[in-house]
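**Student:** So that we are looking at the same thing, I have put the structure below in structure tokens.
The values are calculated or read from the model by the stated rules, or taken from the named source; none is laboratory data. Quantities reported herein were computed from a predicted structural model and do not represent experimental measurements. No Cβ is skipped: glycine too gets one built from the backbone with ideal geometry, and neighbour counts run over all protein chains shown.
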Amino acid sequence: MNLEKSMKRRLVASLLMTILIAGIAVGLALYYLLPAHWFRWYPLIPVFFMLLGFTMSLGMNYYSKREPRKIIAAFMMMRGIKILLTAVGILFYYGLVGEMMTEMLLVTIGFYLLHLFVETYLFYRFEKATKHIRSSNA
């Protein structure tokens, strides 16, 4: 089980580092290469997805310990929560700030898709490795 715990930490760190690196790269590209499309609220988007990734991984960790048979249902539920929170964030931005909506929407959708892809890939790797570990211990 100790190997499983260290694997979870590495996968969560991989997700967070991917979002951080993408956030810095996109931020630099917007600021220096496409300054007309830079919006001052941009840094909140990568921070939002990093916090979302961290809290979602805590939820998945909870379910993997308490209800391992329901892990797929929990994963899909977390995806639903993620899209709902992202939509609420976009609506808040529109209501409170409302400037440069096209840029904000494109960047948010890009980060959402990146987060979705990386999270799915890491979940697949974790489940595959966990099954291998469990089958070798049995």
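**Student:** With the condition kept exactly as written, say whether any residue in region 121-131 is at pLDDT 85 or above and not charged (D, E, K, R). Talk me through it step by step, then tell me what you get.
**Tutor:** Filtering region 121-131 down to residues at pLDDT 85 or above leaves 121.
Checking which are not charged (D, E, K, R) leaves us with 121.
There is at least one residue in region 121-131 that is at pLDDT 85 or above and not charged (D, E, K, R).
**Student:** Cβ contacts < 8 Å: first residue without any contact (Cβ under 8 Å) to a residue 24 or more places away in the chain, restricted to region 53-75; second residue exposed (fewer than 14 other Cβ atoms within 10 Å of the Cβ), any location; separation 6+ or different chain. Result?
**Tutor:** Short answer, once both residue conditions are applied: 63/70; 74/67.
**Student:** Return the total of residues in region 37-70 being aromatic (Phe, Trp, Tyr) and in a helix (DSSP H, G or I).
**Tutor:** Here the count works out to 5.
**Student:** Something else now. Among the residues of region 77-102, how many are of a type in the set (Gly, Ala, Ser) and either surrounded by 13 or more Cβ atoms within 10 Å (Cβ to Cβ) or within 28 Å of residue 123 (Cβ to Cβ) (or both)?
**Tutor:** The number of residues fulfilling the criteria is 3.
**Student:** If you check 99, 127, which single one turns out to be part of a loop (DSSP other than H, G, I, E, B) and over 15 Å from the mean Cα position of the chain (by Cα)?
**Tutor:** Sole residue among the options that is part of a loop (DSSP other than H, G, I, E, B) and over 15 Å from the mean Cα position of the chain (by Cα): 99.
**Student:** Could you tell me whether any residue of region 16-33 is assigned to a helix (DSSP H, G or I), within 16 Å of the chain's Cα centre (by Cα), in contact (Cβ under 8 Å) with a residue 24 or more places away in the chain and loosely packed, with under 14 Cβ neighbours inside 10 Å?
**Tutor:** no
**Student:** What are the pairs, 6+ residues apart or on separate chains, where a residue within region 2-15 that is exposed (fewer than 13 other Cβ atoms within 10 Å of the Cβ) has its Cβ under 7 Å from a residue that is in a helix (DSSP H, G or I) and at pLDDT below 70?
**Tutor:** 3/133
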